[in-house]
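Derivation of every value follows stated rules applied to the coordinates shown; laboratory data play no part. This structure is a prediction, so every number in the text was calculated from the model and none was measured. Positions of Cβ are generated from backbone atoms using ideal geometry, with glycine treated the same way; all protein chains shown enter the neighbour counts.
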Amino acid sequence: MTSDISGAIADDWSNPLRDPQDKRLPRIAGPGGMVIFGVTGDLARKKLLPAIYDLANRGLLPASFALVGYGRREWTKEYFENYVREAVESGARTPIRENVWQRLAEGIHFVQGTFNDDEAFDRLADKLAELDASRGTAGNWAYYLSIPPDNFPDVCHQLDRAGLAQAGPDNWRRVVIEKPFGHDLESAQELNQIVNSVFPEKSVFRIDHYLGKETVQNILAMRFANQLFDPLWNSHYVDHVQITMAEDIGLGGRAGYYDGIGAARDVIQNHLLQLLALVAMEEPVAFTPEELQTEKIKVLRATEPVRPLSKTTARGQYSAGWQGSHYVKGLREEDGFDPESITETYAACTLQINSRRWAGVPFYLRSGKRLGRRVTEIALVFKSAPHLPFADTMTTALGQNAMVIRVQPDEGVLMRFGSKVPGSTMEVRDVNMDFSYSESFTEQSPEAYERLILDALLDEASLFPTNEEVELSWKILDPVIEYWGKRGRPDEYPAGTWGPESADRMLEREGRTWRRP
Ligand code: BG6
């Protein structure tokens, strides 16, 4: 069998005579289906539906797979099928192949209803039972809640009431939930209680799509499959760590979701703290979900904000400015945004990890919208050599050594160190050594949602944060958000820059500077 997806993979997705050497074999989902709540939303259209098609196209879904959309709109099966087709055509990463599409389309259905409608959920139950009988989904269903958390209680209650949440002895029921998992510790606990009162924790899959990214998983490969890095990975050698998630986009169109949430809740509480956990955790006893979660939980438990928060945090709102060659609006002019809002579009904070490995090493986390460019990276900045046997004039262009994990774009790892400048004098200057995914591998990385949807169908929980991780993350961030809540309006920064001046001062106070990726 070829690994070229333009070959015959999808044609033989039910063929029991697959090549036993095919590494994908244990990764093909068994019989089952997925119901998506919120299927008319942006996430479903841009990410979930294309990811499901790509999985089918790669031969990783069973021939019997069924996809059921649930929503308020009065759509027929045909209408929904067309909607999925359009989403797939504009978002899929693999080519459209009619035989794959046809097989998938046969399993596509739509159930119309609101989130608290008994009768509609009874109809959903009938539809799933019918598919179990006619298509062979075997009673295995994943419910994807791509809806605001305010609706979780209704949907969980209805799934329970309609008998859809309980698995039988020979089948499974799972729920996949999207962030935000609450807006602080207390609300997260309430939400977890509601979800867990219907679905046991083992069948809850919380999506943090950053964990589905190849470069994020590579943090574990780099740290635990090599001997080179670990001896340096501690407070003896690391001066500080910078975790940056910068975006060039603004909030156009997303004001409804974002106003009142802000950068800290939107991405630091989840994506950035998960990155911190992977960078800082100890080696897991085994590469299993339980052991990985144990280590992440340990490190999150040991993490807290450095105080005083007036000096160790910064936040901002973008104002109008130039983003490349475009002049863009400021936050307060964005449609749907309350001009009096104190929601931050830039957030930075300093965290410390109270462990032997990381004592005294600040972890600086920052994220913002409308910054200079889109980049997510983790930089370990090393201490300077304890002694330099060179005259000062020879090392003026020498900075601190650094290792930068580029999560996106231009995925790779960069090492920065000093090197002699060619010539007749001894002059040392920083140089970069670069590993690039696209140059080293020919394989294309799957989209994060592809990986995570497949893992949920396979009951592989390694890349999903547990409720304890979610709650610990709120515990770390709550004091910062609470402090900001009392401080009125955030500082401003012009679009296209690297954030408010207060963020620069935050590091300057400690004799450091942010990287300009
Ligand atoms: C989401 C946030 O979780 O991540 C968005 O809600 C953000 O505000 C997005 O734009 C960024 O994701 P990515 O994969 O493009 O970095």
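Worth pointing out:
- Taking every alpha-carbon pair within segment 329-442, the share separated by more than 19 Å comes to 67 percent.
- Candidate lysines - alpha carbon under 29 Å from Lys486, same-chain residues fewer than 8 apart omitted: Lys179, Lys311, Lys329, Lys369, Lys475
- Highest average first, the peptides 65-78, 474-487 ordered by how many other beta carbon atoms sit within 10 Å of their residues are 65-78, 474-487.
- Stretchable slack from Asp491 to Glu439, in nm (0.36 nm times residue separation minus alpha-carbon distance): 14.6 nm
- Amide H partners (placed H, <5 Å) of Ile36, local residues excluded: Val68, Gly69, Tyr70, Tyr144
- Protection proxy ranking of 256-265, 53-62 - average other beta-carbon atoms within 10 Å, highest first: 53-62, 256-265
- Debye intensity ratio in log₁₀ form over the Cα atoms of segment 37-128, taken at each q of 0.10, 0.16, 0.24, 0.25 Å⁻¹: -0.25, -0.62, -1.24, -1.31
- Highest-first arrangement of 286-297, 379-390, where packing means the average Cβ count within 10 Å: 286-297, 379-390
- Cross-link reach is defined here as a Cα-Cα straight distance under 19 Å, omitting same-chain residues fewer than 8 places apart; for Lys127 the aspartates and glutamates meeting it are Glu74, Glu78, Glu81, Glu106, Asp117, Asp118, Glu119, Asp160.
- Nearest-ten-degree value, helix 77-91 long axis tilted from longest Cα axis of the chain: 20 degrees
- The chain: angle of helix 214-224 to the longest principal axis, Cα-based, in degrees nearest 10: 60 degrees
- Computed on segment 224-325, with alpha-carbon pairs under 8 angstrom and 6+ residues apart, the relative contact order is 19 percent.
- Of the residues Pro31, Leu292, Ser440, the one whose Cα sits farthest toward the positive end of the charge dipole of the chain, with +1 on the Cβ of Lys and Arg and -1 on the Cβ of Asp and Glu, is Ser440.
- DSSP assigns beta bridges within the chain; of those with both partners inside it, close to 55 percent run antiparallel.
- Rounded to the nearest 20 debye, the dipole size of segment 428-515 about its Cα centre is 660 debye, using +1 on the Cβ of Lys and Arg and -1 on the Cβ of Asp and Glu.
- For Gln317, residues with placed amide H under 5 Å, excluding near neighbours: Thr345, Asp491, Glu492, Tyr493
- A Cβ-based charge dipole, computed about the Cα centre of segment 117-248 with Lys and Arg at +1 and Asp and Glu at -1, lands at about 580 debye.
- Residues of segment 473-488 falling in the label zone of Arg332, defined by backbone nitrogen less than 15 Å from a point 7 Å along Cα to beta-carbon, are 488.
- Net length available on complete extension from Asp170 to Glu119 is 15.7 nm, with 0.36 nm assigned per residue and the Cα-Cα distance removed.
- Helix content alone sets the calculated 222 nm mean residue ellipticity of the chain: runs of n ≥ 4 DSSP H residues at -39500 (n - 2.57) each, divided across all residues, give -9000 deg cm²/dmol.
- Per-selection Kirkwood Rh - segment 243-324 (Cα, Å, 1 d.p.): 15.5 Å
- Across the options Gln408, Leu472, Met426, the greatest Cα extent toward the positive end of the charge dipole of segment 393-489 (unit charges at beta carbon of Lys, Arg, Asp, Glu) belongs to Met426.
- Basic side chains Lys and Arg get +1 at the Cβ, acidic Asp and Glu get -1 at the Cβ, and with that the dipole of the chain about its Cα centre reaches some 1340 debye.
- Phi-based couplings in Hz for segment 42-54 (Karplus 6.51, -1.76, 1.60; Gly and Pro marked x): 4, 4, 4, 5, 7, 10, 5, 5, x, 5, 5, 4, 4
- Among Ile249, Ala280, Phe337 - extreme Cα towards positive end, dipole of segment 211-345, charges at beta-carbon: Ala280
- Inter-label distance, nm, simple model (7 Å from Cα along the C-beta direction), Gln102/Ala302: 5.8 nm
- Nearest 10 degrees, 0 to 90: helix 289-301 Cα axis against the chain principal axis: 40 degrees
- For the chain, the relative contact order is 16 percent, taking Cα pairs closer than 8 Å that sit 6 or more residues apart in sequence and dividing their mean separation by the residue count.
- Karplus-derived HN-Hα couplings along segment 258-268 (A = 6.51, B = -1.76, C = 1.60, θ = phi - 60°), whole Hz, x at Gly and Pro: 7, 5, x, 9, x, 4, 5, 6, 5, 10, 6
- Phi angles of segment 130-136 translate, via the Karplus equation with coefficients 6.51, -1.76, 1.60 and θ = phi - 60°, into HN-Hα couplings of 5, 5, 4, 6, 8, 9, x Hz per residue; Gly and Pro are given as x.
- Over all directions, the projected convex hull of the C-alpha atoms in the chain averages 26.9 nm² in area.
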